Amino acid sequence: MAARIIEHKKLIVYVFAIITAISMVAQFFVSVNYNMVDYLPDEAQSTQALEIMEQEFTASVPNTRVMINDVSVLEALIYKEKLGAIDGVSDVLWLDNVFDLKTPLEMADKELVESYYKDRKALFMLNVRAGDEVAITDSIYELIGDRGAITGEALDTATSQKMAGTEAFYAAVLLVPIIIFILVISTTSWVEPVFFLTAIGVSVLINLGTNIFIGEVSFVTQSVAPILQLAVSLDYAIFLLHSFADYRKQTNNPEEAMQLAMKKSFPAIAASAATTFFGFTALMLMNFEIGSDLGLNLVKGILLSFLSVMVFLPALTLMFYKWMDKTQHRSFVPSFKGIGNSILKIKFPSVIIVLIVIVPAFLAQSNTSFTYGLGEQPETSRAGSDFLAIEEIFGESVPIVILVPKGDLVKETELVQELQELPQVTSVIAYVSSVGTVIPPQFLEETITSEFFSENYSRIIVYTNSGKEGDLPFSVVETVQGLAASYYGDEAFSLGESVTLYDIKNTVTRDNTVVNLMTVITIAIVLIFTFRSISIPIVLLITIQAAVWINLSIPYFTDTSLVFVGYLIISTVQLAATVDYAILFTETYKEERKVMTAVKAMKKTLDEKTFSISISAAILSSVGFILWFTSSNPIVSSIGLLLGRGALLAFVMVMCFLPALLLLMDKFICKTTYKANFYKEKC
């Protein structure tokens, strides 16, 4: 296979170049989905409710609040009309929807009035069409200018969309020079880093382009997958070209050196790719489909990176290897000889510290407080300041929509009365509360009744002041759903942002156990076949899993909330991505152990592999911290922070804890490894 690749090197380079060019164009036709509701499973309660409402009702659930300062009632009505005239804005609700403005405001319930009009400030609730949030919210801002404020789900989505492209550019501007710097100091050629980045960059671009066959990706995938693919698979290119450089010292024929390098590095690259591949495959088992969307893209990316490194990179290198020869520079890396002796002096403290920390870390990461949505916008942004301005005057208002079977107004009245008595409910909009039960619906115009009734369902909108997510908002959702079920059983449905987040919580909590278990099992199977050992996979998984638990426990000890999607993804990604360090280290130790004693083999392994593992960790950590630094999206930012910190923790664990564990279990490893052939050992 290697000989055939080398023989057709020019054809291979041209074919990859053409596919990359096509993919660069194709990626612009892939749409990005920012709506987390779309990724809930079909059986989720809010998904079913949304389908029913879309089929039954023309009116939509309000997803945006607009406040306008210093207006009279008449001016507010004019603004309401102008807001409704904006293309994409529908179902504008204000005081006139719940109270006859021909009657003096002094005669109305004060609390009701102040939910919509207070201190000459008018608060409108409206729906912004999904998919056009940026253009529509821009039009609203153009209408209200500086005298108004906007908040809500639609504005959050619009803000995320605006920042996505800019932040990806900033991340690339910061990341590429850092990676080039790391690669330059790790090689002896100025141009060699270009080969690394070209090989992986081509696979990243092809991966982005092939998303056209999927049609749509989530905003998490769009933000995280390309950079994560680059960071995780760059090692493959480094393995191959370092092996090529070693064989060039043994033969003057570059093609022969490349053929030997491909044969030599294939098992290590395949094992590294396999662990990452199966780790990311576990994400595809998530019911919350943002995880499976990301998992699919990363699995596809790992396969493309592996193909690019084993097929495209050898061909490219042989076409331009003379550039590498002409751009040689001295090594910038200090000698690591003797570092093994220093590290082994702390082997017992390392084991003791990890054993003390591992149980509290496991318990802490299981009890971290989580958020399930996008969170609040920064106070320094227009969206953040608008949210605070509206909350200060009118408080927080989150709608929960209840759909119940149509027909029994008495039962509906009883339900509405119970809902109105809940302490967190500010208002309830329903036919029986807005129109009353005296006038039968059939005597009113359809324009009035269509807001409350469809052919089969009655719609009740419950406004709460408890926020979108957290213990209190979720308990309110449970209470509202419980009341509706007590009257209508399984025929009652609910939806709204807080209901969606409640469903996300329930879905991803179930996903957590399945995904983590499958990640460990699949990686363990790969390690068993790679090392032909029962004990080595246990040692490696304990090492990396301990790093994962320590990483995920930090938010608990610092009393900060963690975005759950980030937590779930990183618990898989960190294990899958950083187990490569342990594989490379243990593979080298196992080979050295065949010709020398355990301590000598460990010292030599540490001397030889500390630098190469530190390069991989530095790249992955840089990727993580830059995602954290540049992204305003809480999910992407949290994934970045956890990834950056996790890579550093994994590096420390592999360098300090793994050597100690391998030495302590040396005899057990010898006895439980097929054909271990350890030096001077009686297994």
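Just a few scattered comments:
- Subset of region 104-146 [more than 11 Å from Met67 (Cα to Cα), among the basic types (Lys, Arg) and surrounded by 14 or more Cβ atoms within 10 Å (Cβ to Cβ)]: Arg129
- Thr558, sole failed condition from (1) more than 29 Å from Glu396 (Cβ to Cβ); (2) more than 21 Å from the chain's Cα centre (by Cα); (3) assigned by TED's automatic domain parsing to the domain that holds Glu608: (1)
- Pairs, first more than 22 Å from Ser265 (Cβ to Cβ) in region 1-20, second surrounded by 12 or more Cβ atoms within 10 Å (Cβ to Cβ), C-beta under 7 Å, six or more apart: Lys10/Met319; Ile19/Ile206; Thr20/Val202; Thr20/Leu205; Thr20/Ile206
- Looking across region 599-612 at every residue that is among the aliphatic types (A, V, I, L, M) and surrounded by 22 or more Cβ atoms within 10 Å (Cβ to Cβ), the one that is nearest to Gly340 (Cα to Cα) is identified as Leu606.
Per-residue answers, yes or no, for (1) within 22 Å of Leu540 (Cα to Cα); (2) surrounded by fewer than 21 Cβ atoms within 10 Å (Cβ to Cβ):
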{"residue": "Leu298", "(1), (2)": "no, no"}
{"residue": "Ile302", "(1), (2)": "yes, no"}
{"residue": "Ser305", "(1), (2)": "no, no"}
{"residue": "Leu313", "(1), (2)": "no, no"}
{"residue": "Gly338", "(1), (2)": "no, yes"}
{"residue": "Asn341", "(1), (2)": "yes, yes"}
{"residue": "Val351", "(1), (2)": "yes, yes"}
{"residue": "Tyr372", "(1), (2)": "no, no"}
{"residue": "Ser381", "(1), (2)": "no, yes"}
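- Residues of region 507-559 classified as β-branched (Val, Ile, Thr), buried (at least 18 other Cβ atoms within 10 Å of the Cβ) and under 25 Å from Cys670 (Cβ atoms), total: 9
- Of the residues examined, Met602 is not one that is modelled with pLDDT of 85 or more and either farther than 27 Å from Ile269 by Cα or not in a helix (DSSP H, G or I) (or both).
- So Lys675, is it surrounded by fewer than 24 Cβ atoms within 10 Å (Cβ to Cβ), in contact (Cβ under 8 Å) with a residue 24 or more places away in the chain, assigned by TED's automatic domain parsing to the domain that holds Glu591 and not hydroxyl-bearing (Ser, Thr, Tyr): yes
- Note on region 250-300: residues that are of a type in the set (Lys, Arg) and either over 23 Å from Arg532 (Cα atoms) or free of Cβ contacts under 8 Å to residues at least 60 places away in the same chain (or both) amount to 2.
- Taken over region 90-128, the residue count meeting the criterion of being assigned to a loop (DSSP other than H, G, I, E, B) and either out of contact with any strand residue (DSSP E or B) (no Cβ under 7 Å at 6 or more places or on another chain) or polar (S, T, N, Q) (or both) is 12.
- Single match in Gly145, Gly131 (criterion: part of a loop (DSSP other than H, G, I, E, B), farther than 26 Å from Ile22 by Cα and out of contact with any Leu (no Cβ under 8 Å at 6 or more places or on another chain)): Gly131
- Residues of region 412-436 that turn out to be touching a Pro at 6+ places or on another chain (Cβ under 9 Å) and of a type outside the set (Val, Ile, Thr), as a count: 2
The values are calculated or read from the model by the stated rules, or taken from the named source; none is laboratory data. Bear in mind that the values here come from a model prediction, so they are computed numbers and not experimental data. Please note: Cβ atoms are built from the backbone with ideal geometry, for glycine as well, and neighbour counts cover all protein chains shown.
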